[in-house]
Amino acid sequence: MKTVENLPERLRQLRLQQELSQENMADMLGISTTAYGDIERGRTELTISRLEKIAQVLGVSLPDLLGLSATTLTETEWLRRENQRLNLENSRLRQALDQWQRKFQEWVAAALVRNAQESRERIGFK
C-alpha cells in the first residue's frame, strides 16, 4: 500500500515541521531513540495504538498521519477555484441584471405608449 510505504517519510516530515528531534519523539512516546529511528527508517511494524500515540504527539489526526485524509488545497489552487466561483456568480448576476434592464425598458415603453394614448384622448384623438 502506497500510504504505508510513505509513512516513515511522512513521520519524518511531520516531526521536522514540529521542530522535534528523534530523541524528543522517543521520549514523548516512551521508547528508545534507536526504536524511534527504526520507525522512521521503516524497520518497525507499528500497531494502531502506537500510530495513534504518534499522531497525538505530532498534533495530527490518524487519517492525516497515514495520508488518508483529503489533501488540502494549495493557496494557488484555492484562489483558482474561488476565482472560478466568483466568475460564475458574476455571470449569474449579469444575466439577472440584463433581465431586469429588459423588463424596465418594457415598463418604460408601455408607460410612454399609455401616456401618449391618454394625451391623444384628452385632445380628442382616438
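When we screen 48, 31, 54 for residues that are modelled with pLDDT of 90 or more and either loosely packed, with under 14 Cβ neighbours inside 10 Å or in contact with a His (Cβ under 7 Å, 6 or more places away or on another chain) (or both), the only hit is 48. Evaluate region 3-19: report whether one residue or more is surrounded by fewer than 14 Cβ atoms within 10 Å (Cβ to Cβ), modelled with pLDDT of 95 or more and not in a helix (DSSP H, G or I). Checked region 3-19: no residue is surrounded by fewer than 14 Cβ atoms within 10 Å (Cβ to Cβ), modelled with pLDDT of 95 or more and not in a helix (DSSP H, G or I).
Every residue, every condition in (1) among the β-branched types (Val, Ile, Thr); (2) more than 30 Å from residue 17 (Cβ to Cβ); (3) free of Cβ contacts under 8 Å to residues at least 40 places away in the same chain, yes or no:
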position: 42; (1), (2), (3): no, no, yes
position: 51; (1), (2), (3): no, no, yes
position: 59; (1), (2), (3): no, no, no
position: 63; (1), (2), (3): no, no, yes
position: 80; (1), (2), (3): no, no, yes
position: 86; (1), (2), (3): no, yes, yes
position: 92; (1), (2), (3): no, yes, yes
position: 110; (1), (2), (3): no, yes, yes
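So how many residues does region 36-45 have that are assigned to a helix (DSSP H, G or I) and either crowded, with 16+ Cβ neighbours inside 10 Å or in contact with a helix residue (DSSP H, G or I) (Cβ under 6 Å, 6 or more places away or on another chain) (or both)? Reasoning before the result, please.
Let us first name the residues in region 36-45 that are assigned to a helix (DSSP H, G or I), namely 36-40.
Imposing the further condition that a residue be either crowded, with 16+ Cβ neighbours inside 10 Å or in contact with a helix residue (DSSP H, G or I) (Cβ under 6 Å, 6 or more places away or on another chain) (or both) reduces the set to 36-37, 39-40.
Qualifying residue count, region 36-45: 4.
Looking at (1) under 27 Å from residue 27 (Cβ atoms); (2) in contact with a Ser or Thr (Cβ under 9 Å, 6 or more places away or on another chain), which one does residue 68 not meet, given that it meets all the others? Result: residue 68 fails condition (1) only.
Does residue 68 meet the test of being assigned to a loop (DSSP other than H, G, I, E, B), out of contact with any strand residue (DSSP E or B) (no Cβ under 9 Å at 6 or more places or on another chain), surrounded by 10 or more Cβ atoms within 10 Å (Cβ to Cβ) and not polar (S, T, N, Q)? Reasoning before the result, please.
On the way: assigned to a loop (DSSP other than H, G, I, E, B): yes; out of contact with any strand residue (DSSP E or B) (no Cβ under 9 Å at 6 or more places or on another chain): yes; surrounded by 10 or more Cβ atoms within 10 Å (Cβ to Cβ): yes; not polar (S, T, N, Q): yes.
In short, yes.
The values are calculated or read from the model by the stated rules, or taken from the named source; none is laboratory data. What you see is a predicted model; the values in this text were computed from it and never measured. All Cβ positions, even for glycine, are placed from backbone atoms using ideal geometry, and neighbour counts span all protein chains on display.
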